[in-house]
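To start, the structure itself, in structure tokens.
The values are calculated or read from the model by the stated rules, or taken from the named source; none is laboratory data. Computed from a predicted model, the values in this text were never measured in an experiment. So basically every Cβ, Gly included, is an ideal-geometry build from the backbone, and we count neighbours across all protein chains shown. These area figures cover heavy atoms from the full protein model, side chains too; ligands, DNA and RNA do not enter into them. Shrake-Rupley method; radii C 1.70, N 1.55, O 1.52, S 1.80 Å.
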Amino acid sequence: MAKNKKKIVILGGGFAGLECTKKLEEHFQNDPEIEIVLVSEDNFLLFTPMLPQVASGMIETRHIVMPIRTIIKKAIFYEGRIKNIDPYGKIVNLWGSRNKRGISLHYDFLVVALGSETNFFGMSDLEKNAYQMKTLNDAVLVRNRIIDMLEQAENETDPILKKSLLTFVIVGGGFAGIETAGEIMDLLLDVRKYYPNIEREDIRVTVLEALPNILPGFSESLAKFAQEKLTEHGIEIKLQTAVTSFDGDEVMIKKLDTENKDAVDDSKISSIQSKTVIWTAGVTPVNTIKRSLFKTDKGKIIVDDYLEVAEFPGVFAVGDCALFLDPKTNRPFAPTAQIAEAQAKVAANNLHAMIKNKEKTKFSYESKGQMAIIGKRTGIASFLGMNIHGLLAWILWRNVYLSKIPTWDKRFRVFLDWAADMLFDRDISRLKFMRREPEKEYQVLDEVDDVW
């Protein structure tokens, strides 16, 4: 490697990291002096908007993962977990294990796009007992859990226990929570005919939301329409309701007092008997960011108008791990793929401008619209200034998200899954997975990167 070669390292293989890599490849495809390196814990991009459909068995598991090596062209790819970032020495260390060498990567420019993880707000019992909807593994575990509960409830003679087995609680009324609730109810109603001892009224799907309305970010009329349709579909929605604990059998909830948020009214504390809680109520930046040397606020890296980390020129942060305030609301942007990709493009353009001694551009964001599926053939969308709901919004959702899948083969496979779902019943096989113990982590063995 030539000594005058400049190395750009991108951390994170999600929507932001991959979009930034692709944009940089466009800028520097014919420039031998620039080396681009992408580091990701997984060797695939997970198409998270379709996770609820994997959980319901509509889409096959592998169809929403795209191998990173099939998407990138010029970049060098490392699969590994970030141990730490040294912005003074300009080094990123990756964990090693018994089966994998630890690696030290030197960089000249850095883009941090490490995303976020589930935030349980310090409730350890929920973290231990609740299911999540963040990874492919989460979606498969949720699907297995639902089928497991149906199998147990079918032959259960105790009516109280049977009811708790068939009660599914989703915490969080945002995109993930609402779409998960709709998909779970569709699955339960589709496969109920295979379980003759389970009646329609035995099934209960409940969404708990701490805010006064579901789907914050949508217009009030659209959110209200979504709530009405979900209720018609048999999904119960409890607003201004917070979860306080879950021991695996009982969800403790409290009604929030909007006038005095600190006041706890014991009369408003109640419980739901349920064996299954799915938590979609919040995200927090990953620990690598929190314990890094970057200045953070609420765990997010503080960036300037150009998405650059102020005290470290040439270091950019984008997506869920970057703190960038919306000038209209003076609050952080929502953690969506649309915003992550928009920031990634600006960061890539600004890196190109730095290297070529051109002027950087400030990040400004205009939403292209928002969409959510709320059950079979029903959706809501805010698109080009219009509010759309019902079948048209559902078709729009499918077309837009299908076009966002980066590889043609996966688009075709998802399309076939959707077509099959219209013709055939859902699969009720429960796939048994054995959980392996996590690998012990070792220190970095040596620097295998900078070999001249």
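Taken over region 203-226, the criterion of being surrounded by 13 or more Cβ atoms within 10 Å (Cβ to Cβ), at pLDDT below 95 and either of a type in the set (Val, Ile, Thr) or not in a strand (DSSP E or B) (or both) is satisfied by Ala210, Leu211, Asn213, Ile214, Leu215, Gly217, Ser219, Leu222, Ala223, Lys224, Phe225, Ala226.
Just one of the numbered conditions (1) outside any helix (DSSP H, G or I); (2) within 23 Å of the chain's Cα centre (by Cα); (3) surrounded by fewer than 21 Cβ atoms within 10 Å (Cβ to Cβ) is not true of Leu141: (1). Looking only at region 158-165, decide whether some residue is farther than 21 Å from Phe383 by Cα and of a type in the set (Asp, Glu). Yes, that holds for at least one residue.
If you check Ala344, Ala337 for being more than 10 Å from Phe363 (Cβ to Cβ) and open to solvent by less than 10 Å² (accessible area, probe 1.4 Å), only one passes: Ala344.
So how many residues does region 369-409 have that are of a type outside the set (Gly, Ala, Ser) and either under 19 Å from the mean Cα position of the chain (by Cα) or assigned to a strand (DSSP E or B) (or both)? Let's see the steps before the verdict.
Filtering region 369-409 down to residues of a type outside the set (Gly, Ala, Ser) leaves 370-371, 373-374, 376-378, 380, 383-384, 386-389, 391-392, 394-402, 404-409.
Those still in the list that are either under 19 Å from the mean Cα position of the chain (by Cα) or assigned to a strand (DSSP E or B) (or both) too: 370-371, 373-374, 378, 380, 383, 386-389, 397-398, 400-402, 404-406.
Adding up the residues that qualify gives 19.
Restricting Asn4, Asn30 to those that are part of a loop (DSSP other than H, G, I, E, B), out of contact with any strand residue (DSSP E or B) (no Cβ under 9 Å at 6 or more places or on another chain) and without any contact (Cβ under 8 Å) to a residue 12 or more places away in the chain reduces the list to Asn30.
Scanning region 157-176 for residues that are buried (at least 18 other Cβ atoms within 10 Å of the Cβ) and of a type in the set (D, E, K, R) returns a single hit, Lys162.
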